[in-house]
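The structure appears right after this line, and notes come after that.
The values are calculated or read from the model by the stated rules, or taken from the named source; none is laboratory data. Bear in mind the structure is a predicted one, so any value in this text is a computation, not a measurement. Virtual Cβ from ideal backbone geometry, glycine too; neighbours counted across all protein chains shown.
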Amino acid sequence: MNKLLLKLAIAAATGSLLSSNPTVAQLSPTTPKAARVRITQGPELELAKEYLTIIRWTTNNPGGSPEHFGVVHYGTDPKNLSQTAKSPIRLNPSHSSTIFRVRLQALKPATTYYYTVDSMESNGKSDGVISPVKKFTTP
Amino acid sequence: MRERRLTALVILCAVVAATLLISTEFLSAQNGQGKEGKGGDRDTPPPFYNPYPPGILPADLLQEIERVRGEVRFIENEALAEWQALTPPTLTGQPPTLEGTGYQAVQTLGKLMNFDEHMSPFENRACGFCHMPYTGFSGPIPSVNLTMIAYPGSFQFRAGKRTAQRYTYSPRYPVLQLYPDQALLFGGNFWDGRSTGYLLQSADAEQAQHPPVDTQEHALPDTACIAFRLQTAAYRPLFETVWGVGSLDIKFPHNTEEICETPGGAAVFGTNTMPIQLKPEDRAKANSVYDHWGQSISFFEDGPQVSPFTSKVDANINGLYTYTPDELAGAILFAGKGNCNSCHIDGQRTLLTPGQTDTGTYAVNARPLFTCFGYSNLGLPLNPRDAFFYQTTPDFFGFTANPLGFGYRDLGLGTFLRSGFGSAPNPNSAWIPLAPRMDGRQQVSTVRNVAMTPPQCPTTEAPGPYFQKEFFHNGYIKSLKQLVHFYNTRDKFPFPVTSGHCPAGTTEKVDCWPMPEVPDNIDMTVGNLGLTDQEENQLVIIMQGLNDGFDPANPSVSTYPDINTFTGKCMTGGTAATQGNEVLIPTPTPLPACASAVCGVPPLPAPKPIP
């Protein structure tokens, strides 16, 4: 996927050199990339239903691409968080903090899951968040 | 003997006259898809296409179709008068330019085309039929907005699959393009972005080229039919003034009318999308005319009659109007707790530093468009009222719009990138691998004019008097209150059910949100905003402040052009929170799995298959 994104980036960068568009100023502004992205609240369970679980946490506004992904690494063994769930969000350019929320679906009932969180720019580059290992139990 | 002959002749005349009257009545009143006053080879009108179960088509549909057609013809006549009053521009200079009134000439031409009913096989559908000024150029029939979602096309009652998007500010969307640092697509027109603008360098101009040949809209079978019909248009001289004398001099074969009065998709055409046999030079001319069709309409949409930047918010930006307390609260919520401007960019906010407070004010003379031109999957449920799901059998012409029935899923931009079923060919194969990340994403509309209604029905919100609109791509949401409540509580009241099956003790759209139609790529910026009921209402109020036509000197009268053309009736009663819930119908159970023609096209949806 990263190779694909690199190819797309080169193709688009070439295109952008050949043309300009007066409306680009309207696009989601790319806010300055934060020197360090830190969790200020959570991660925690926002919702735990039979078919849907939502994990939520807050960081300082990471900046960079306006679309980010919240990432949850999870599993039933705290030493093997082999599964990953990602959900997109859009940064609000006027907010100093950002709430990430990630959907986890099709989890086993009455099961304890362990997880850590991270976030990344829409091109896949990690924000480098350091997260504790947390857990929750499905209904 | 002579007397008997005379009696027989009188009877014969009476029978003929009665037959003519009855057939005319059938054509114009009952069927509505005859070609009144025009020849053609069709002796009898084709029967209605009605594969719908009871209740999908609104009871007043034929009456409302005729009502809107009358309004369309009124505006067309108004445009003809505007053309007659226009001082002709002077073609001069190098490169030659229409000096003086060139702008007005192109925009008037676009308006004339936009409201011209002749641009359809049965000469009963103009672009404006689905896009009238009093709704911000979106769907003008309240009962259609409430029931069948998609609008009936020239061959009644074929219908599309999505709501009619507003024209306002659509020309401001750039050509669909990839932003490499974001690995995201921005721009384009249509909910699924299929009008890229790659050829004309205008997504909006290319957008205007789709409906005339969309099988469920105007349904012309060949793009050259537009040039053919323009040859006999009353405003042909204006077209030639703008685009050149001789630009419509195309030699069409004798059977062209027969072809153009047969709706696209008809079995007789097979897979031929250019059934009119033209010499290469004439085909090139017809293609050029079709480009000018799109460009002229786009310039009309970009002009002051459609996109004038005259809302209350604009007046506030320019220092001509002070918000009420509720409007100010709404403006602050829009960028703050509501998080609306994450996607609906107001263009002027900056990152607040600790201790700073948002005052809700903007930089003077800004013209924010309240969109990021992006695409998002908001997680809307499948709407079983969408007429598209029921068009599973062939119509009179042998065309079947949706052989997949309820196996269809609207993957939006993802399907377009795959050149998939119900979309259009993707002209950039380098983007195909992005499809799984784009599944379910639909275009982020501008908020401008989302609340526009005719003056006699001054709101979209029950109890009114209100004008029933429909929101988002599938019309599931019926009021702005519901729209904000959806953003606010989608993840607070989620249920693993489809629409029409919320558990007893809950109310759909109030404290029960059925599961998303497309579970991948759901935007989590919204869904649990923690807004109070009052804050939801304040957001509705500031959205209403984005209606064009606000005059600070006379705030009770809209200045928006042609907003007074609505001749229908308002609705009253009920509450905005449950508006339209009386027409909810159960989604079929079990819901058929997503058809392989949609979800089985590589690259496959990921990380999980779409059910």
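Observations, loosely collected:
- Considered as a group, the residues in the stretch A:43-86 that are farther than 18 Å from B:Gly336 by Cα, of a type in the set (S, T, N, Q) and surrounded by 23 or more Cβ atoms within 10 Å (Cβ to Cβ) include one that is farthest from the other protein chains (Cβ to nearest Cβ), and that residue is A:Thr53.
- All positions within the stretch A:96-108 that are assigned to a loop (DSSP other than H, G, I, E, B) and at the interface with chain B (Cβ under 7 Å from one of its Cβ atoms): A:Ser96
- Unique residue being within 14 Å of chain A (Cβ to nearest Cβ), on the phi < 0 side of the Ramachandran plot and modelled with pLDDT of 95 or more when the list is B:Asp346, B:Asp302: B:Asp302
- Scan the stretch B:423-441 for residues that are more than 13 Å from chain A (Cβ to nearest Cβ) and in contact with a Leu (Cβ under 7 Å, 6 or more places away or on another chain) and the total you get is 1.
Quick grid of which residues meet (1) surrounded by fewer than 16 Cβ atoms within 10 Å (Cβ to Cβ); (2) touching a residue at least 24 places away in the same chain (Cβ under 8 Å):
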| position | (1), (2) |
| --- | --- |
| B:Ile542 | no, yes |
| B:Asn554 | yes, no |
| B:Pro561 | no, yes |
| B:Asn564 | yes, yes |
| B:Ala593 | yes, yes |
| B:Ala597 | yes, yes |
| B:Val601 | no, yes |
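- Residue list for the stretch B:307-343, restricted to those being surrounded by fewer than 19 Cβ atoms within 10 Å (Cβ to Cβ), on the phi > 0 side of the Ramachandran plot and within 14 Å of chain A (Cβ to nearest Cβ): B:Phe309
- B:Pro174 vs. criteria under 11 Å from the mean Cα position of the chain (by Cα) and part of a loop (DSSP other than H, G, I, E, B): no
- All helices (runs of 4 or more DSSP H) inside the stretch B:397-492 with 3 or more residues being at pLDDT 95 or above and under 21 Å from the mean Cα position of the chain (by Cα): B:413-417, B:480-489
- Inside the stretch B:319-333, residues that are part of a loop (DSSP other than H, G, I, E, B) and touching a Lys or Arg at 6+ places or on another chain (Cβ under 9 Å) make up a count of 2.
- Scanning the stretch B:130-179 for residues that are within 14 Å of chain A (Cβ to nearest Cβ) and among the hydrophobic types (A, V, I, L, M, F, W, C) yields a count of 3.
- Among (1) on the phi > 0 side of the Ramachandran plot; (2) crowded, with 23+ Cβ neighbours inside 10 Å, the one test that B:Leu176 misses: (1)
- When residues of the stretch B:525-540 are limited to those that are free of Cβ contacts under 8 Å to residues at least 60 places away in the same chain and surrounded by fewer than 24 Cβ atoms within 10 Å (Cβ to Cβ), the one nearest to the other protein chains (Cβ to nearest Cβ): B:Asn528
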